[in-house]
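> My questions all concern the structure below.
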Amino acid sequence: NETLYAAVGETVWFSEDTGQHWTEIGPVRPGETVFTLEFHPEDQVSMYAVTTGGIYFSEDRAQTWESLFKPEGIRWISGQLRFDPYDPNHFYLVTSRYLYESGDAGQTWVEISQGFEGYPWFNDLTFDPFDAAAVYVTTTWGVYKLDRNSVVTAVEEAATAPATFSLSPNYPNPFNPTTTLRFSLPQPGEAELSIYNLLGQRVATLVHGVK
């Protein structure tokens, strides 16, 4: 099959010659940037799109889209859809600060982010090829293991408590309009976090006090 699909901004494109020439199909939803386009692993017609505003489903190869999941008041800044190889109608959605699960092909979704200690930034999710019950989630705080034989939010954190002071890179980077700066202390103490410009002038103090 030489047909390819791609998204630029809110618009979906397709190519019938392995990317030599592209034809514009149109937006999934006007004003919503597309992060991910995915075909269902058992159906090369059913297509899913994750955008800044939700998840959409198409049965006619991106000509028309139906809304599957659109959380009220939330606009995602990233989004990845992962299909369970042991059950193709079992999905996970990874969206930076939120992690969702669906067991019915995307008809209903449950947020499982709150079960992770510290509520970290979620980067990606993968499945154990030798253990159908195990899912691994990579975050800015380390790798978590999700045991699906137990409560869905039960996790193990691979990281240990910090041994020294550390300041992590901001994420996301580049960013607009917000970013997160995270630091850790090996023990309670005075902490100050300030922002300086390229001239070395302090322009803001974000943290000052005992932490």
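What follows is calculated from the coordinates using simple rules that are stated; it is not laboratory data. Fair warning: this is a prediction, and the values are worked out from it, not measured in the lab. Every residue, glycine among them, receives a Cβ derived from its backbone with ideal geometry; neighbour counts consider all protein chains shown.
> Sort 34-41, 92-99, 53-60 by the packing proxy (mean of other Cβ within 10 Å over each peptide's residues), most packed first.
The packing order, highest mean first, is 92-99, 53-60, 34-41.
> Rounded to whole Å, give me the distance from the Cα center of region 1-76 to that of region 85-143.
21
> Follow-up question, since we're still on this one. Could you compute the net charge surrounding L4? Neighbours are other residues with a C-beta less than 13 Å from the C-beta of L4; K and R count +1, D and E count -1.
That sum, taken over residues with Cβ under 13 Å, equals -2.
> Suppose R0 equals 30 Å. What FRET efficiency, 1/(1 + (r/R0)^6) with r the Cβ-Cβ distance, do E72 and T140 give to the nearest 0.05?
My answer for the efficiency is 0.70.
> Let me ask you something else. For the charge dipole of the chain, defined by +1 on Lys and Arg C-beta atoms and -1 on Asp and Glu C-beta atoms about the Cα centroid, which residue among A204, F14, S113 has the Cα displaced farthest towards the positive pole?
Of A204, F14, S113, it is A204.
> Quick one: net charge of L206's neighbours, Cβ under 13 Å, K/R +1, D/E -1?
Local charge sum for L206: +2.
> With charges only on Cβ, +1 for K and R and -1 for D and E, what is the dipole size of the chain about its Cα centre, in debye, rounded to 20?
1120
> Provide Rg and Dmax in Å for the chain, with only Cα atoms included in the calculation.
Rg, Dmax (Cα atoms, Å): 20.4, 61.
> Provide the net charge surrounding Q44, with neighbours chosen by a C-beta distance below 12 Å and charges set as Lys +1, Arg +1, Asp -1, Glu -1.
Spelling it out: positives minus negatives among the neighbours equals -3.
> Would you mind calculating the gained length between Q201 and F183 on full extension (0.36 nm times residue separation, minus the Cα-Cα distance), in nm to one decimal?
4.3 nm
> Please provide three numbers in whole Å: the alpha-carbon extents of region 21-128 along the principal axes, with the largest listed first.
45, 32, 26
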